[in-house]
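The values are calculated or read from the model by the stated rules, or taken from the named source; none is laboratory data. No experiment lies behind these values; they were computed from the predicted model shown. Virtual Cβ from ideal backbone geometry, glycine too; neighbours counted across all protein chains shown. The accessibility values were calculated without ligands, DNA or RNA, using every heavy atom of the protein model including side chains. Shrake-Rupley method; radii C 1.70, N 1.55, O 1.52, S 1.80 Å.
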Amino acid sequence: MTGRLLSRGMIAGIAAALLAFVFARFFGEPQVNLAIAFESAKDLAAGEPPEPEIISRGVQASFGLLTAAVMYGAAYGGIFATIFAFAYGRVGRFSPRALSALLAAAAFVVFVLVPDLKYPPNPPAVGLPSTIGLRTGAYFGMIALSLCAAAASYMVSRPLIRRLGHWNGVLASLGIFIILVAAVQAGMPDINEVPTDFPATVLWRFREAALGMQIVLWATIGLLFGPLASRVLTTAAADKPFARNG
């Protein structure tokens, strides 16, 4: 059954990646082109030669972006299905559809929203080459700390639910998560390398598109995987009596 859930998760991930690719193609790529044009104009004004294109922008914005999105979606869909298989029946009495939607929402918050609030994505021409290592390490460190905060809030949720009741216990657990995240973000270093003359509208719309792409991806995985997993689980439950009789 886990193998069948894994294949369904990869199918949901690929479908989500295709929708995310369409979203990025129409909303994200125009902002990337504007940022590249800004960088090229700045280099031209400084008398610097343009950087050679190893891969053309046409390929990057089409086949390159599609390939990366599909690989990303398939991997995340498989991981999502594995976590679902472990959580089903262990994390509350949720139906497959409800659990799938809940896990997708939690994944978006932990792995996307919390890190992006501290270190939002930037288009080309933003960021210094000498700080790539620092920025990458800080971003993945924020993801790890966000995951730790989520795990800690989940561990204390059951004692809080028993003591305060289900609704109050859940709210208290969410409050603990928010406090931990706020403390972690306050302790992480600030990185601000946006040029003063960079167009604010391009930066804002690029970040909107990047966040929107993630919303499309995780919403599709959560909503599509639920019905697929429900069919697998229903079939497995129906096969059990026959297996015992045989």
* Can we say LEU217 is surrounded by 13 or more Cβ atoms within 10 Å (Cβ to Cβ) and modelled with pLDDT under 90? -> no
* Since THR196 meets every condition but one in (1) in a helix (DSSP H, G or I); (2) of a type outside the set (A, V, I, L, M, F, W, C); (3) under 27 Å from ALA37 (Cβ atoms), which condition does it not meet? -> (1)
* To do: Can you run down the residue pairs with Cβ atoms below 8 Å, 6 or more apart or on separate chains, where the first is in region 22-39 and closer than 12 Å to ALA210 by Cα and the partner is among the basic types (Lys, Arg)?
  => PHE27/ARG205; GLN31/ARG205
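Suppose we keep only residues that are surrounded by fewer than 12 Cβ atoms within 10 Å (Cβ to Cβ) and not polar (S, T, N, Q) within region 194-211. Which one would you say is nearest to SER157 (Cα to Cα)?
Out of the qualifying residues, it is ALA200.
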* Asked: For region 35-68, which residues satisfy the criterion of being modelled with pLDDT of 80 or more and open to solvent by less than 90 Å² (accessible area, probe 1.4 Å)?
  -> ALA35, ILE36, ALA37, PHE38, GLY64, LEU65, LEU66, THR67, ALA68
* To do: Select from region 84-99 the residues that are loosely packed, with under 15 Cβ neighbours inside 10 Å and either under 19 Å from the mean Cα position of the chain (by Cα) or assigned to a helix (DSSP H, G or I) (or both) and list them in ascending order.
  => PHE86, ALA98
* Determine the pairs where a residue that is over 29 Å from TYR76 (Cα atoms) and of a type in the set (Phe, Trp, Tyr), located within region 190-215, has a partner that is modelled with pLDDT under 90 and surrounded by 13 or more Cβ atoms within 10 Å (Cβ to Cβ) with Cβ atoms under 9 Å apart, the partner being 6 or more residues away or on another chain. => PHE198/ALA35; PHE198/PHE38; PHE198/PRO123; PHE198/ALA125; PHE198/VAL126
* To do: Output the helices (runs of 4 or more DSSP H) that fall wholly within region 109-191 and possess 3 or more residues being touching a Lys or Arg at 6+ places or on another chain (Cβ under 9 Å) and either at pLDDT 90 or above or open to solvent by less than 50 Å² (accessible area, probe 1.4 Å) (or both), or say none.
  => 132-164, 166-187
